[in-house]
Amino acid sequence: MSSDITPESLPPVPESSESSWRRATSVVHAGRTIDRETGAVVPPIHLSTTFARGPDAQLAGDFCYSRSGNPNRAELEQCVASLEGGSEAAAFASGSAAANAILQSLHPGDRVLSSRDLYHGVRSLMEKVTTRSGVACESIDLQDAAVVERELERGARVVWCETPANPQLHVIDLENLSLRCRAAGATLVVDNTFATPMLQRPLGNGAALVVHATTKYLAGHSDVTGGVVVTDDPASDLWQRIREVQTLAGSVPSPFDCWLALRGISTLHVRMKQHVENAVVLARRFEDHEVVGRVLFPGLESHPDHALASRQMSGPGGVLSIRLKAGEEGARRFTSRLTWIPRATSLGGVHTLVEHRMLVEPEGSPVPPDLVRISVGIEDAEDLWVEFDRALS
Ligand SMILES: *Cc1c(COP(=O)(O)O)cnc(C)c1O
């Protein structure tokens, strides 16, 4: 170790600079500090499950045992909280575990209203697991103000909203919904996985909690599973219960998973620009193609929520869905003809992924059988189009 690196010569980044950073800086720096022992610029991975006490039982830092807290997890949590404009975050082993922590912090008799268009895993989690604890979970049309008003009047503890929603890319007016929730005493939870904090920050629109599958855009390379919940009210009872579920139930990410997610986040700003740019190019080409019936993408003027998306988001995202004129068979043919673009579930990674959604949606899903979802990667848009055009012809 070089003798001129001492803890004293490496002051931690002052809090004030972190809060004033723009997001392109935060993705690289938020939550990280130069390692005071070694000067390492990239955070070391702390695999230790336990942290030693001094002679008077005092701990050296904030950590005691890795299920309740770990330096890599703390760095990831601080970074995501900062990106979302929140004050605290709790990281989990998957996006589903993050969602489950919120749902498990509810009480028997509580009622959860969610959008009809919802990631099917979270929908199944609510229906199969959450309801077993006496929490009622119902899906309604969150785009219909009269329905929302009526259902809120009947009483709801939580409104769960995904926007843009998977996989039909409906957009929900967060400002409006959060006002209604507040008036009715309901907690608005927004799954911000599709937009990421680069394009939309729901806490600023009045949401109480933001949830992410970091598995998708935040980590961004399809190589680590994780989730996170963010709050701007860490003193609330709800947040205390979510922390209890995290540390007592222990569905926590490994230090290496946290490190990978944080490493991925470093490039979130530049990746999202490319995802959006490519998706806009492809959406227009699909829209002009004669075998494509509809393109569902909030970046297109033809999308019913285009004006709202342009107001609420700083970019339309990188996921689009197309509906083939030849129906289910057309969707099957299109996907089967792809040569180098993988047919695979998931989204938000650097690789473009294509999925005939019907294959994974559960019975009774509102998703049409002719729908193909495309998570547009960061490859060259022209190369992607050559492959898509060939598969469509
Ligand atoms: C993938 C996903 C989840 C669940 O995340 P996992 O890490 O797969 O558990 C939740 N919400 C949305 C919108 C997703 O795309």
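Per the helix-only calculation at 222 nm, which mean residue ellipticity applies to the chain, given -39500 (n - 2.57) for every DSSP H run of n ≥ 4 and division by its residues, nearest 500 deg cm²/dmol?
Numbers: 14 runs with 134 residues, N = 393.
Dividing the helical sum by the residues of the chain leaves -10000 deg cm²/dmol.
Listed by chain and number, the lysines whose alpha-carbon sits under 28 Å from that of LYS216, ignoring those within fewer than 8 places in the same chain, are LYS128, LYS273. Running a GNM on the chain with Cα contacts under 10 Å, which residue among ASP257, ASP62, ASP233 ends up with the highest mean-square fluctuation? With Cα springs under 10 Å in the chain, the top fluctuation among ASP257, ASP62, ASP233 is at ASP62. Around PRO108, under 15 Å between beta carbons, what's the net of Lys plus Arg minus Asp minus Glu among the other residues? So the environment of PRO108 carries a net charge of +3. For the options ALA145, ALA307, ALA60, a Gaussian network treatment of the chain with springs between C-alpha atoms closer than 10 Å singles out ALA60 as fluctuating the most.
What relative contact order, as a whole-number percentage, does segment 139-234 give when Cα pairs under 8 Å and 6 or more residues apart are counted?
Values: 144 pairs, mean separation 20.4, N = 96.
That works out to 21 percent.
Remark: C-alpha extents of segment 98-138 on the principal axes read 25, 19, 14 Å, sorted largest to smallest. Taking Cβ atoms as reference points and 9 Å as the exclusive limit, the residues near HIS212 contribute a net charge of -1, counting Lys and Arg as +1 and Asp and Glu as -1.
How large is the dipole of the chain about the Cα centre if only Lys and Arg carry +1 and Asp and Glu carry -1, each at its Cβ, rounded to the nearest 20 debye?
Working: 37 positive and 49 negative charges, 111 e Å.
The calculation lands at about 540 debye.
Projecting the Cα atoms of PHE51, THR267, VAL367 onto the charge dipole of the chain, computed from C-beta unit charges around the Cα centre, puts VAL367 farthest toward the positive end.
Relative contact order, percent, of the chain when contacts are C-alpha pairs under 8 Å separated by at least 6 residues?
16
How do the peptides 178-191, 209-222 rank, highest first, by the average count of neighbouring beta carbon atoms within 10 Å per residue? Working shown, then result.
Numbers: 178-191: 19.6, 209-222: 26.3.
Packing proxy ranking, top to bottom: 209-222, 178-191.
Scalar couplings 3J(HN,Hα) for segment 50-67, obtained by applying the Karplus form with A = 6.51, B = -1.76, C = 1.60 to θ = phi - 60°, are 9, 10, 6, 9, x, x, 9, 6, 6, 8, 6, x, 8, 10, 10, 8, 5, 5 Hz; x denotes Gly and Pro. Evaluated at q = 0.13, 0.20, 0.21 Å⁻¹, a Debye calculation over the C-alpha positions of segment 204-337 (equal weights, vacuum) places log10 I(q)/I(0) at -0.79, -1.18, -1.22.
Neighbours of ALA391 by Cβ distance under 11 Å: Lys/Arg scored +1, Asp/Glu scored -1, total +2. What the pair-distance distribution of the chain shows, using all Cα-Cα distances binned every 10 Å from zero, is 5, 23, 31, 24, 12, 4, 1, 0 percent.
Based only on the alpha carbon positions, what is the Kirkwood hydrodynamic radius of segment 32-104, in angstrom? Can you show the working numbers first?
Numbers: mean 1/r = 0.0709 Å⁻¹.
Result for segment 32-104 stands at 14.1 Å.
Restricting to bridges with both residues inside the chain, how much of the DSSP beta-bridge set is antiparallel, in percent to the nearest 5? List each step's numbers first, then the result.
Values: 25 of 42 bridges.
Here the antiparallel bridges make up roughly 60 percent for the chain.
Every read-out reported here was derived from the displayed coordinates using simple, explicitly stated rules and does not represent laboratory data. Computed from a predicted model, the values in this text were never measured in an experiment. Cβ atoms come from the backbone with ideal geometry, glycine included; neighbour counts cover every protein chain shown.
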